[in-house]
Amino acid sequence: TPKQPSNLSLLLQSLVEQARQLPEQGKVADYIPALAAVAPEQTGIAVATLDGQLHTAGDSSQNFSIQSVSKIFGLVLAMNRLEEEVWQRVHMEPSGQPFNSIVQLEWEHGIPRNPFINAGAIVVADMLVSHYSASKAALLNFIRKLAGTEQIWADSEVYQSEKEHGNRNAALAYLMKSFGNIEAEVPQVLDHYFYQCAVEMSCEQLASSLVFLANRGVQPVTEQLICSRRDAHRVNAILSTSGMYDQSGEFAFTVGLPAKSGVGGGIAAIVPNYGVIAAWSPRLNSFGNSCRAMFMVTRLAEQLGLSVY
Ligand code: GLN
């Protein structure tokens with residue numbers, strides 16, 4: 001069991017201060033103007049624990065674009081609806097490739113390596129589009145239920161901007177469609193995917209929303225069953241091998257937690273039987289993972305002895 005520091009909030013405060021003093025590293029995602037315009041110095045962290053407490057520091061209540069962290073929400077929703085069928089259409093192997101890579105899709109006949117790279121999340125988006133009459137609303141409602149607030153939306157500027165600059169994701173989707181692994185029409189699938197990427201949340205909301213993954217599928221405070229124990233295990237397993245893209249191996253090596261990053265600069269790390277760490281700062285390293293968020297999560301995991309290994 002992790003060490004419970006006498007004052008976790010003070011520790012988080014000191015991590016935010018240290019992160020803010022790091023020599024400037026990385027750069028803000030600039031593939032769409034709406035993300036390039038985000039103030040790069042913002043830095044926040046929140047830890048939600050199974051006893052319902054929330055510890056925070058820095059810009060932890062500031063909303064940001066969750067981007068690929070949304071791949072967790074989409075996957076859990078699809079697993080609940082489609083069960084084993086999910087794994088006929090997306091695998092559970094690390095890709096070792098950048099998040100938006102297309103190369104493996106051709107030789108693997110349109111079956112993505114895992115649900116946390118873009119290709120995999122697009123297949124999951126197709127599952128949602130095909131199984132829900134209003135998949136975007138279903139996803140947003142699911143996130144709101146998890147976060148315990150109605151105050152969560154997709155940012156319309158980011159959503160539009162993703163659509164206008166989505167050629168690579170469109171290429172992934174059409175290639176998979178050519179292999180028969182996309183059921184709905186590609187524009188509709190991409191529409192869902194871009195919407196999901198554009199959802200905005202704060203570190204506080206993100207940490208509280210994902211606690212069920214640290215608690216065998218059950219949201220601790222409300223005691224709602226969100227997914228089966230087996231599925232919580234499965235999501236955490238794939239997060240461990242693939243949640244940080246082609247830096248997942250290094251992240252397992254140095255941190256040892258199931259985690260998901262997004263190009264908005266957010267990272268959510270699951271600490272089984274303890275809680276969830278959500279950290280955010282916009283500047284990204286070459287893998288598309290936030291430099292400062294990586295720093296804070298790494299230090300916190302070291303200091304509290306959180307590694308699952
Ligand atoms: N919207 C981004 C994309 O599809 C999400 C990727 C990410 O956060 N890594 O390219």
Discussion item. I'd like the residue in region 27-43 that is touching a residue at least 60 places away in the same chain (Cβ under 8 Å), within 14 Å of the ligand (Cβ to nearest atom) and assigned to a loop (DSSP other than H, G, I, E, B) and, out of all such residues, is farthest from Glu157 (Cα to Cα).
Written reply: Ala29
Worksheet item: Any idea which of Gly58, Gly110 is more than 30 Å from Asn273 (Cβ to Cβ), away from the ligand (no atom under 14 Å from the Cβ) and either at pLDDT 95 or above or among the basic types (Lys, Arg) (or both)?
Response: Gly110
Practice prompt. Considering each residue of region 195-225, count those that are in a strand (DSSP E or B) and in contact (Cβ under 8 Å) with a residue 40 or more places away in the chain, and give that number.
Written response: 3
Discussion item. So for region 229-241 (the condition being outside any helix (DSSP H, G or I) and not polar (S, T, N, Q)), does at least one residue qualify?
Written reply: no
Item to complete: Among residues belonging to region 145-168 that are touching a residue at least 60 places away in the same chain (Cβ under 8 Å) and assigned to a loop (DSSP other than H, G, I, E, B), point out the one that is nearest to the ligand (Cβ to nearest atom).
Response: His165
Worksheet, complete the sentence: Output for Cβ contacts, cut-off 7 Å, separation at least six or different chains, first residue over 26 Å from Ala207 (Cα atoms) in region 67-92, second among the aromatic types (Phe, Trp, Tyr) and within 16 Å of the ligand (Cβ to nearest atom), reads none
Worksheet entry | Selection from region 169-181 of residues that are closer than 11 Å to Pro112 by Cβ, in a loop (DSSP other than H, G, I, E, B) and either within 16 Å of the ligand (Cβ to nearest atom) or not polar (S, T, N, Q) (or both) | Phe179
Item to complete: Please state which of the following conditions Ile277 fails to meet, knowing it meets all the rest: (1) within 16 Å of the ligand (Cβ to nearest atom); (2) in a strand (DSSP E or B).
Response: (1)
Worksheet item: What are the residue pairs meeting all of these: first residue in region 242-261, first residue touching a residue at least 40 places away in the same chain (Cβ under 8 Å), second residue part of a loop (DSSP other than H, G, I, E, B) and among the hydroxyl-bearing types (Ser, Thr, Tyr), Cβ atoms under 6 Å, and 6 or more apart or on different chains?
Response: Gly256/Ser307; Gly256/Tyr309
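Here are some residues: Met127, Met92. Which one is away from the ligand (no atom under 16 Å from the Cβ), outside the structural domain of Phe287 (by TED's automatic domain parsing), aliphatic (A, V, I, L, M) and part of a loop (DSSP other than H, G, I, E, B)?
On the way: Met127 fails: part of a loop (DSSP other than H, G, I, E, B).
Being away from the ligand (no atom under 16 Å from the Cβ), outside the structural domain of Phe287 (by TED's automatic domain parsing), aliphatic (A, V, I, L, M) and part of a loop (DSSP other than H, G, I, E, B) holds for just one of Met127, Met92, which is Met92.
Restricting region 283-301 to residues that are more than 16 Å from Asp59 (Cβ to Cβ) and among the hydroxyl-bearing types (Ser, Thr, Tyr), which is farthest from the ligand (Cβ to nearest atom)?
To start, the set of residues in region 283-301 that are more than 16 Å from Asp59 (Cβ to Cβ) comprises 284-289, 294, 298-301.
Then keep just the ones that are among the hydroxyl-bearing types (Ser, Thr, Tyr); that gives 286, 298.
Values: Ser286: 13, Thr298: 19 Å.
My answer is Thr298.
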Worksheet, complete the sentence: Within region 210-236, of all residues that are more than 14 Å from the chain's Cα centre (by Cα) and of a type in the set (A, V, I, L, M), the one nearest to Lys71 (Cα to Cα) is Ala232
Fill in: Of all residues in region 1-24 being within 21 Å of Ala301 (Cα to Cα) and not in a helix (DSSP H, G or I), the one that is modelled with the lowest pLDDT
Thr1
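The values are calculated or read from the model by the stated rules, or taken from the named source; none is laboratory data. A quick note: this is a predicted structure, and the numbers were derived from the prediction, not measured. Don't worry about glycine lacking a Cβ; one is built from the backbone with ideal geometry, like all the others, and counts go over all protein chains shown.
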